[in-house]
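Reading through the structure tokens given below for one structure.
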Amino acid sequence: MAVDRRWPLALFRGAVPVALGLLLWVAVAGGEHERQQTLKAQPAGDPASLAQRRRHNELIMMALREAAQTEDNVAQRQVPWQK
């Protein structure tokens, strides 16, 4: 008869972490929508700023490709910097 009592207790002990995880997931997912709205409302979301960011990322990718294709240490290369 002691086995009959252990099953509900085992199920309860197994369900508690799952329920806590689900509650935490719901809490985080609820704040995600607000975060997305806040990011959309930021002034850095305008087309000019996005284009500038894309161009910056393209320049970084070009530098990485060049570094991958050469044996030279491109980090020590004397190139005029532009920020």
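Structure notes:
- Potential lengthening between A15 and A67 on full extension [0.36 nm per residue; Cα-Cα distance subtracted]: 13.5 nm
- Computing FRET efficiency as 1/(1 + (r/R0)^6) for H33 and I60, where r is the C-beta to C-beta distance and R0 is 30 Å, gives about 0.45.
- For the pair K40 and R53, the difference between a 0.36 nm per residue extended length and the Cα-Cα distance amounts to 3.1 nm.
- Segment 11-71 - Debye-derived log10 I(q)/I(0), Cα point model, q = 0.18, 0.23, 0.29 Å⁻¹: -0.77, -0.92, -1.05
- Figure note: D4, D46 ranked by solvent-accessible area, largest first, 1.4 Å probe, ligands and nucleic acids not counted: D4, D46.
The values are calculated or read from the model by the stated rules, or taken from the named source; none is laboratory data. No experiment lies behind these values; they were computed from the predicted model shown. No Cβ is skipped: glycine too gets one built from the backbone with ideal geometry, and neighbour counts run over all protein chains shown. Quick note on the areas: whole protein, heavy atoms, side chains included, nothing else; ligands and nucleic acids left out. Shrake-Rupley method; radii C 1.70, N 1.55, O 1.52, S 1.80 Å.
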